[in-house]
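The values are calculated or read from the model by the stated rules, or taken from the named source; none is laboratory data. Keep in mind that this is a model prediction, so the values were computed, not measured. Don't worry about glycine lacking a Cβ; one is built from the backbone with ideal geometry, like all the others, and counts go over all protein chains shown. Areas reflect the complete protein model, heavy atoms only, side chains present, ligands, DNA and RNA absent. Shrake-Rupley method; radii C 1.70, N 1.55, O 1.52, S 1.80 Å.
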Amino acid sequence: MKVTIDGHEIEVEPGTSILQAARMIGGESVPPAMCYYSKLEGTGGKCRACLVEVSKGSEADPRPMPKLMASCKTGVMDGMEVKSITSPRVLEARKAVTEFLLINHPLDCPVCDQAGECDLQNLAFNHGKEQKRFKEDKRTFAPENIGENIQLHMNRCILCYRCVKTAEQLTDKRVHGVCGRGEHAQISTYISTAIDNEFSGNMIDVCPVGALTDKTFRFKSRVWFNKPYNAHRNCPTCSGKVTLWMFGEEIQRVTARKDEFHEVEEFICNSCRFDHKDPKDWIIEGPRKFEKFSVINQNNYTTKLDKVVLNTEKQIVEGREQDRNKISMKAIPYTEHESKE
Amino acid sequence: MATKILLDKINIPGIKSYEVYRQNGGYASVEKALKEMTPDAITEEVKASGLRGRGGAGFPVGLKWSFIDKKSGKPRHLVCNADESEPGTFKDRYLMEHIPHLLIEGMITASYALGANLSYIYIRGEYMWVFKILERAIKEAYAAGWLGKNILGTDYSLDLHVHCGAGAYICGEETALIESLEGKRGNPRIKPPFPAVSGLWGNPTVVNNVESISNVPWIVNNSGEAYSKLGLGRSAGTKLISASGHIRKPGVYEIEMGITVHEFINSDEYCGGMIDDRPIKALVPGGSSVPILPAHLIYKTANGEDRLMTYESLSDGGFETGSMLGSGGFIVYNDTACIVRNTWNFARFYAHESCGQCSPCREGTGWLEKILHRIEIGNGTMEDIDLLWNIQSNIEGNTICPLGDAAAWPVAAAIRHFREEFEYHVLYPEKVKNRDHFVNEPFSTVKHLINK
Ligand SMILES: Cc1cc2nc3c(=O)[nH]c(=O)nc-3n(C[C@H](O)[C@H](O)[C@H](O)COP(=O)(O)O)c2cc1C
Ligand code: SF4
Ligand code: SF4
Ligand code: FES
C-alpha cells in the first residue's frame, strides 16, 4: 500500500497505522505520541497529540476526512495522503493538546527525576506556547504509596493508560488502574496498597512523564549527569539487556533500552532493575547513544570537556581586595570606643 | 388530535400490566413477525419507514440494522440504550414507566430481525424504580411465552435482561455502554471498529434508543410505508418531546414531526404557551448538547421560514443560526433566565461527566467550567470570553467520542448569540453579585449599558 505523508511516499503493509508509516519515514513528520506504545496492545487514541489531517482518504475514495485523525489508531489505505507538519490545522491542534496537557501539570521539572527524558517536556518544547492562559488553581491529588519500588506522582500523570496496559499484559494480575472520571480520574491501587510483581518496574519505563519513577533512583542524580551504558547479564527471568546509568563507578539506575521513540526494546524484570546495582553483576557492552538533541548527550563520551578557564581578569570576577573587605562587617574591628559615642 | 403511535394507549388503566397490554393489541407485532415475516423483511420495513434514531444522532435505524455483520457467524446482540441522562430529556423514562411492555415487544421484534438471541436493556442507575417496572414486565413476558426458548413454537429463542448503570452520563455513548455492560470502566471505545462489527464481547451489536425500538411494533403492524407517511419528508413519524422550562404545561408530548415550533410552544394541546407574561428569550430544542437559539431564531429560521419540529428545520442555518433536534429535550427560557449561568450549569455537567480518557475533553471541560463560573460570579474579564471561544474550538472535533463536541457547542452558541450578556457580567459585576439579575432587570432594559 502506498501512503504519502507530508509529501514523502512510502510502501507499507496493510494494517499499518499512519503513525507507524510516519515512523518508517522518520524525521520531522513523525507525530508526537504520548499514549500510543507499539509494544502494548490497545494503547493509543487517548492523548490526541498525534492528530493528523487526512487530505485524501484513499485511491478508491479520495474524499478528505473531515476531522483530524489520531494517527496511532488510523490504518493507512492505499493512496492515502496525510499532512502532519505541513498542515496548519494539525499544528494548531497539537498546540491545543499540549496546552491541555500542561494546564494542570505541576511543571515541577526541576525536582522531577524524569526531566531530561520526558516526553511531555519534548512535546512542550516543540509545540508549547510561551504563554499561560490558565489562571485557576491546578488540580492536585493526595500522595499515594503504591509500593516498594515505584513512586507515584499523580499530579504529573497525563492518563495515557500505558501503565495500566503494562500491568494487564505483562504481569499476571493488575492491581492498579484508573479510578474516578473526568478531571478527577487518577491512577490508584484503590484497595490493595502495593504493586508487587516481578515485571511491574516496566511501568516506570513506559510512563511518558514523571508520574511513575524509580524509588531506588529518587533524587540521586539528573539523567544528564549519568553516563548510560548498554549492558547485559545472564538473567533467568528476562533478556537481561539493559541500560545502566552510571555516575563514576556507581550504578545509579537500571532501565530497559529505549529506542528513538522512547519505547523500550525489551521489557526487563524487577530483579535486573532494582536489585543489581553492582557493576560486577553486569557485562558492559559500551556507551548507549541517544538522539542528537537529547539533553542526555550533555555528558556524552565523544566531545572532550576541557577545563574551563575564565579569560576575564581575576579582579573583575572576584572584586578588589579592599572592596571585599569593606563590605565585610567582621573584617572591621569593633571597639568599645565606638559604641560609647 | 394528532396521530399518536407511542402514547396512544398510555391512558388505558392498567396498561402497565401484561394482561391489559395484551388485551389492547399488545405483542401483535411479535406474532406477525415470527409467523409471517423473515428477519430481513422486517429490516426492509424499518428501512422503508424512514425511522431515524431517537437517541440524538438521528441515524436511520433500518440502515444501522443492515450493517450488522451476519456473515461472521458470531452471536449477535441488540442493546437498548435506556441510559437517558441528557439534561432536559426524560421521554424514555416516561415510556418505560407507563407502558413498559411496548419496549419489550419492540425488543423482541427487533432482536428477531437482527437474529439476536441475547439482548439487553441498559438503564441508568438513577431509574431504579423503572428498572423494577421493566424487570416485572420481563417476568410477565417470560411467563406468557414471549421470551425464552422457542417463542410461539418457532425455533426462535430470545433472552432479555435489564442491566442497571451506576450513574454515568458517558455510559449512554454506545461504546461506553457496551464496555460498562461487559463489566468494565465506561470508557468509550475508539471507532472503528463499529459495534455492528465488534460490539458486546466482540460480537456484532446494534445499540438503539428506547424510543427508536418502541416504534418498531407499529411499523411491523402497519408497514413501513404507513410510517413514512407520518411526519414530514426525511423526518418521518412521530417524536417524543420532553418539554420543560418557562412554559405552562411541561411534560412529555408525542408530536407528529412537521408542526411548527410556534404551535408546539403556544398551542393548548402541547406546552400551552409561556408560563407568565415574560417573553421568550431562548430555546434549547434538543437537550443540553445542542446549540441554544436566541428569540429571533426560534419561530423563524434565518431566511424567514417557519421553524418546524423536524430534524432538517431545526438544524436549518447550521451552527450559525440553527440548532438540532437531538434527543428532543426541549427547554424554553423566558427573559428571567441568565444565559451565562445556564451555560455554566451545562459546562459543569460535562466537566463532571467526562470520562477523562482524552486530554482535550478531560482538561478542556474543566477549564470551560472554571472560566464560566468566574464570569458568572462577576470575576471575569473580556479576555475570558475570547478564551472560552478558543478553548471550545480546541476541544471540538479533537476527541474520541462526541461528548467533547457536546461540551463545546453550548458554550460556542451561547457566546455567538448572547455575547453581550457575558460582557455585561464582566462590566457590571456588582449587578450580578446577588444572582437575581435579569429577574428584576430583564437584559433588554440594561443592554444599553454595554457601550461598544
Ligand atoms: C455522551 C453521549 C451520551 C449519550 N447518551 C445517550 C442516552 O442517554 N440515550 C441514548 O439513547 N443515546 C445516547 N447517546 C447516543 C448513543 O451513542 C447512540 O447514538 C444511540 O444510542 C443510538 O441509538 P439510536 O440510533 O436509536 O438513536 C449518547 C451519545 C453520547 C456521545
Ligand atoms: S502514571 Fe504514567 S503511564 Fe500511567 S497513566 Fe499516568 S502518565 Fe501514563
Ligand atoms: S471526549 Fe470526553 S467523554 Fe469522550 S472519550 Fe474523550 S474524555 Fe471520554
Ligand atoms: S499517541 Fe495517538 S492519541 Fe496518543
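Placing +1 on the Cβ of every Lys and Arg and -1 on the Cβ of every Asp and Glu, with no other charges, gives chain B a dipole of roughly 660 debye about its Cα centre.
Over chain A, what percent of the accessible surface lies on carbon and sulfur atoms, probe 1.4 Å? Could the numbers behind the result be given before it?
Working: 9690 of 18350 Å².
In chain A, the share of accessible area belonging to carbon and sulfur is 53 percent.
Based on protein heavy atoms only, the range B:240-334 ends up with 32 Å² per residue of surface accessible to a 1.4 Å probe.
For the pairing of chain A with chain B, what total accessible surface becomes buried, with a 1.4 angstrom probe, in square angstrom to the nearest 100?
Using a 1.4 Å probe on protein heavy atoms, the buried area is about 2800 Å².
Amide H contacts for B:LYS300 (H built 1.01 Å from N in the peptide plane; partners 5 or more residues away or on another chain; cut-off under 5 Å): B:ARG307.
Per-residue mean of other chain beta-carbon atoms within 10 angstrom of the beta-carbon, peptide B:392-401? Don't jump to the answer; show the numbers that get you there.
Details: counts 0, 2, 7, 3, 1, 6, 10, 4, 5, 0.
For peptide B:392-401, the averaged partner shielding equals 4.
Solvent exposure of B:HIS296, expressed as accessible area, is near 140 Å², computed with a probe of 1.4 Å over the protein chains only. For chain A, the longest principal axis of the Cα atoms and the long axis of helix A:88-103 meet at an angle of about 50 degrees. Residue by residue along A:41-49, Cβ atoms of other protein chains within 10 Å of the local Cβ number 4 on average. Just check the range B:309-407 against the gyration tensor rule for me: Cα atoms, a ≥ b ≥ c as the square roots of the eigenvalues, rounded for a/c under 1.5, and otherwise prolate or oblate depending on whether a/b exceeds b/c. Judged from the Cα gyration tensor, the range B:309-407 comes out oblate (a/c at least 1.5, b/c at or above a/b).
Give the peptides A:168-174, B:140-146, B:230-236 in descending order of average Cβ contacts within 10 Å, highest first.
Values: A:168-174: 14.7, B:140-146: 17.4, B:230-236: 19.7.
Highest mean packing first, the order is B:230-236, B:140-146, A:168-174.
Sequence-ordered 3J(HN,Hα) estimates for the range B:164-170 from the Karplus curve with 6.51, -1.76 and 1.60 and θ = phi - 60° stand at 9, x, 10, x, 10, 4, 4 Hz, glycine and proline given as x. Given in Å, the Rg to one decimal and the Dmax to the nearest whole number for the Cα atoms of the range B:202-295 are 16.2, 56.
In terms of the Cα gyration tensor, with a ≥ b ≥ c the square roots of its eigenvalues, is the range B:18-229 rounded because a/c is under 1.5, prolate because a/b exceeds b/c, or oblate? Let's see the in-between values first.
Working: a/c = 1.38, a/b = 1.17, b/c = 1.19.
Because its axes are fairly even, with a/c under 1.5, the range B:18-229 counts as rounded.
Sorting B:184-193, A:100-109 by average packing, meaning the other beta carbons within 10 Å per residue, from highest down gives A:100-109, B:184-193.
Just give the residues from the range A:169-205 buried by at least 40 square angstrom of accessible area in the all-chains context relative to the isolated chain, probe 1.4 Å, and say none if nothing qualifies. Flagged in the range A:169-205: A:ARG181, A:GLY182, A:GLU183. The range B:181-225 and the range B:330-395 have their alpha-carbon centroids 31 Å apart.
What do you get for Rg/Rh over chain B if you use C-alpha atoms and the Kirkwood form of Rh?
On the way: Rg = 22.7 Å, Rh = 22.8 Å.
Answer for chain B: 0.99.
How large is the accessible surface per residue of the range B:10-93, computed with a 1.4 Å probe and reported in Å² as a whole number?
Values: 3680 Å² over 84 residues.
Averaged over the residues of the range B:10-93, the accessible area is 44 Å².
Rounded if a/c is under 1.5, else prolate if a/b is larger than b/c, else oblate: which is the range B:1-65, with a ≥ b ≥ c the root eigenvalues of its Cα gyration tensor? In terms of gyration-tensor shape, oblate. Along the axis of the charge dipole computed for the protein assembly as shown (Cβ charges of +1 for Lys and Arg, -1 for Asp and Glu, origin at the Cα centre), the listed residues B:LEU230, A:THR140, B:PRO402 are led at the positive end by A:THR140.
With n ≥ 4 as the cut-off for DSSP H runs, can you work out [θ] at 222 nm for chain B, using -39500 (n - 2.57) per run divided by the number of residues, rounded to the nearest 500? Before the final figure, lay out each step's value.
Numbers: 20 runs with 191 residues, N = 452.
Value at 222 nm, helices only, nearest 500: -12000 deg cm²/dmol.
In sequence order, the range B:126-138 has phi-based couplings of 6, 8, 4, 5, 6, 3, 5, 4, 5, 4, 5, 5, 5 Hz under the Karplus curve 6.51 cos²θ - 1.76 cosθ + 1.60, θ = phi - 60°, and Gly or Pro positions carry x.
The 3J(HN,Hα) values that the Karplus relation (6.51, -1.76, 1.60; θ = phi - 60°) gives for the range A:248-262 are, in residue order, x, 8, 8, 8, 8, 7, 10, 10, 6, 7, 9, 8, 5, 9, 6 Hz. Gly and Pro appear as x.
What's the long-distance tail for the protein assembly as shown, i.e. % of Cα pairs beyond 50 Å?
Numbers: 89226 of 314028 pairs.
It works out to 28 percent of all Cα pairs.
Per residue of peptide B:348-359, the mean number of Cβ atoms on other chains within 10 Å of the residue Cβ is 6.
Dipole of the protein assembly as shown computed with +1 at Lys/Arg Cβ and -1 at Asp/Glu Cβ about the Cα centre; of B:LEU177, B:TYR127, A:SER239, farthest Cα towards the positive end is A:SER239. For A:VAL82, the residues 5 or more places off, or on other chains, whose built amide H falls under 5 Å of its own are A:THR4, A:ILE5, A:ASP6, A:GLY7, A:SER55. Here the range A:2-66 is treated with +1 on each Lys and Arg Cβ and -1 on each Asp and Glu Cβ, and its dipole about the Cα centre works out to around 280 debye. Tell me the angle of helix B:100-114 to the major Cα principal axis of chain B, expressed in degrees between 0 and 90 and rounded to the nearest ten. Approximately 70 degrees, to the nearest ten.
Peptides B:368-381, A:1-14, A:275-288, B:27-40, ordered by how many other C-beta atoms sit within 10 Å of their residues on average, highest first, read B:368-381, B:27-40, A:1-14, A:275-288.
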